[in-house]
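Reviewing the structure listed below.
The values are calculated or read from the model by the stated rules, or taken from the named source; none is laboratory data. Keep in mind it's a predicted model, so treat the numbers as computed, not measured. Using ideal geometry, Cβ is built from the backbone for each residue, glycine included, and neighbour counts are taken over all protein chains shown. Protein only, heavy atoms only, side chains kept; ligands, DNA and RNA dropped before computing areas. Shrake-Rupley method; radii C 1.70, N 1.55, O 1.52, S 1.80 Å.
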Amino acid sequence: MNLKCGSGASNAKNTQEALNEAITSAKKEGGIDEVTFASIYFTVGHDPTDLEKAIKVSLGDVPNCGCSGEGVIAKNFSIEGDSPGISVMLFAGDKIHFRNQIFENVSDNDFEVGHKIGEWAKKVDKKSKCVIIFTDGLSTNSSSLRDGITSTFSLFFKKKVFGGGAGDDLSMKKTYQIFNGKVYSNAVSVFSIGGKFKIAHAVNHGISPMGQEHIVTKVKDNIIYEIDGQKAFSALKPYLHDDEVDNWGKASAGLAVAFKAPLNVIESYDEYLVRFMIQPNEDGSLLISANAKEGDSIWISRRDLDKIDSGIIAMAERVNSKLKAQKPFAVLNFDCAGRGRVIMEESRKMKNLRYLQNELGASTPWAGFYTFGEFAPINNTNEFHSYTNVILALYT
């Protein structure tokens with residue numbers, strides 16, 4: 001059987017109707033009769049219990065993975081917030097194969113869960129090309145999770161890790177992960193992809209630092225207690241707009257913490273690695289999406305729309321340079337929630353999405369979601385990112 005792939009999406013309010021519509025479109029696009037694997041993304045405009053029922057009806061025993069997002073992405077399609085949206089990608093054929101699993105209770109067990117994922121990846125499919133992970137974007141220390149995964153990888157076993165943190169409608173309350181038709185929280189849904197194909201990818205952020213360099217003066221793992229000797233949130237306050245002071249969902253979508261990037265990634269990426277600020281705590285500390293250490297230099301940073309636009313062009317060029325005039329048979333797209341509706345007009349956002357899709361092939365199946373953090377390699381080193389756009393293109 002030849003390798004087949006198709007994508008589809010729907011904004012129908014009824015969950016069963018939406019999933020059926022998305023699957024029907026994907027089957028038609030890919031010429032698929034019998035689905036062997038499905039990747040599913042949904043907004044919290046759909047009730048998770050209704051989605052479980054819909055997956056059982058529409059996909060039966062077909063293996064599947066996915067998650068909730070601040071929004072979903074498909075070809076010429078983007079829905080964000082609490083509006084109902086579903087995006088799917090379906091695969092078939094014996095030239096591509098998948099293995100999937102769920103890992104629960106990730107909060108406060110990030111490294112340990114990551115280690116389990118890495119061990120699973122080594123045992124279940126030694127010939128896989130990459131591992132895709134969907135973690136809880138609110139409860140996970142993603143750098144520790146990444147460290148746990150890669151701690152199992154030897155010099156001769158290096159898997160590329162892609163994916164993103166599941167999100168919600170920026171209410172910052174609860175996110176969901178899908179594994180074989182069941183919907184979880186505080187978990188990591190994982191699948192590996194193997195077969196007779198190649199991968200090309202690109203990652204880019206659109207953040208620019210503001211003001212002066214600051215120093216982390218008190219921290220434990222991913223909780224920053226003090227910056228420049230004062231409470232972390234107090235140090236952050238001067239950078240907040242008036243409408244962001246009491247609206248953390250909006251503030252965290254526009255602001256970020258930037259760290260100096262390692263020398264080995266600066267040339268092919270950027271001089272800063274960006275981290276998502278999850279929430280301020282009652283004691284004035286700041287919970288971020290990755291670990292920090294005392295003495296780290298940081299910059300409070302903000303979205304740069306022009307940098308996002310130019311980054312889209314650079315991403316397309318980078319992927320096309322690897323494709324060498326070939327067209328991918330599938331593209332997975334993990335784009336940060338902070339790069340969407342909260343900072344960009346719909347017309348500008350869709351212009352960037354259509355540019356990428358046209359550059360990589362207007363007819364290419366395309367699916368993904370707006371994330372709370374992203375995973376993608378830089379220079380063969382698996383990294384966790386915030387406020388980036390990640391493109392993973394599969395081609396033969």
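From the list 322, 327, pick out the single residue that is surrounded by fewer than 21 Cβ atoms within 10 Å (Cβ to Cβ), in contact with a Gly (Cβ under 9 Å, 6 or more places away or on another chain), charged (D, E, K, R) and over 22 Å from residue 249 (Cα atoms).
Selected residue: 327, the only one of 322, 327 that is surrounded by fewer than 21 Cβ atoms within 10 Å (Cβ to Cβ), in contact with a Gly (Cβ under 9 Å, 6 or more places away or on another chain), charged (D, E, K, R) and over 22 Å from residue 249 (Cα atoms).
I'm trying to understand the selection: among the residues of the stretch 302-344, which are among the hydrophobic types (A, V, I, L, M, F, W, C) and either without any contact (Cβ under 8 Å) to a residue 12 or more places away in the chain or assigned to a helix (DSSP H, G or I) (or both)?
305, 308, 312, 313, 314, 315, 316, 319, 323, 325, 337
How about the stretch 122-155: which of its residues are surrounded by fewer than 19 Cβ atoms within 10 Å (Cβ to Cβ) and part of a helix (DSSP H, G or I)?
Matches in the stretch 122-155: 122, 123, 124, 150.
Assigned to a loop (DSSP other than H, G, I, E, B) and more than 17 Å from the chain's Cα centre (by Cα): which single residue out of 211, 194 fits that description?
211
Of everything in the stretch 223-232, what is in contact with a strand residue (DSSP E or B) (Cβ under 6 Å, 6 or more places away or on another chain) and surrounded by fewer than 20 Cβ atoms within 10 Å (Cβ to Cβ)? Give them in sequence order.
Once the filter is applied, which keeps residues that are in contact with a strand residue (DSSP E or B) (Cβ under 6 Å, 6 or more places away or on another chain) and surrounded by fewer than 20 Cβ atoms within 10 Å (Cβ to Cβ), the stretch 223-232 yields 223, 225, 226, 228, 229.
Kindly indicate which of 218, 174 is in contact (Cβ under 8 Å) with a residue 24 or more places away in the chain, in a strand (DSSP E or B), surrounded by fewer than 17 Cβ atoms within 10 Å (Cβ to Cβ) and touching an Asp or Glu at 6+ places or on another chain (Cβ under 9 Å). Steps first, answer last, please.
On the way: 174 fails: in a strand (DSSP E or B).
When all the criteria are applied, what remains is 218.
For residue 366, all conditions in the list (1) more than 24 Å from residue 139 (Cβ to Cβ); (2) open to solvent by 10 Å² or more (accessible area, probe 1.4 Å) hold save one; what is the number of the exception?
(2)
Picking from 182, 116, 122, which residue would you name as being at pLDDT below 95, basic (Lys, Arg) and either on the phi < 0 side of the Ramachandran plot or touching a Gly at 6+ places or on another chain (Cβ under 8 Å) (or both)? Give the derivation first.
Working: 182 fails: at pLDDT below 95; 116 fails: at pLDDT below 95.
The unique qualifying residue is 122.
Please work out which one of (1) more than 24 Å from residue 140 (Cα to Cα); (2) out of contact with any strand residue (DSSP E or B) (no Cβ under 9 Å at 6 or more places or on another chain) is the condition residue 220 fails and give its number.
For residue 220, the failing item is (1).
Sort through 245, 274, 257, 216 and tell me the only one that's at pLDDT 95 or above and not acidic (Asp, Glu).
Exactly one residue qualifies, and that residue is 216.
Among strands (runs of 3 or more DSSP E) lying entirely in the stretch 345-396, which contain 3 or more residues that are β-branched (Val, Ile, Thr)?
388-395
Among the residues of the stretch 151-171, which ones are within 25 Å of residue 37 (Cβ to Cβ) and either aliphatic (A, V, I, L, M) or without any contact (Cβ under 8 Å) to a residue 12 or more places away in the chain (or both)?
Scanning the stretch 151-171 gives 161, 166.
Please determine, by comparing only the residues of the stretch 101-119 that are in contact with a Phe, Trp or Tyr (Cβ under 8 Å, 6 or more places away or on another chain) and open to solvent by 30 Å² or more (accessible area, probe 1.4 Å), which one is farthest from residue 2 (Cα to Cα).
Per the stated criteria, the residue is 104.
I'd like to check which strands (runs of 3 or more DSSP E) are fully inside the stretch 1-93 and have at least 1 residues that are open to solvent by 10 Å² or more (accessible area, probe 1.4 Å) and over 20 Å from residue 175 (Cβ atoms).
By residue number, 4-10, 77-80.
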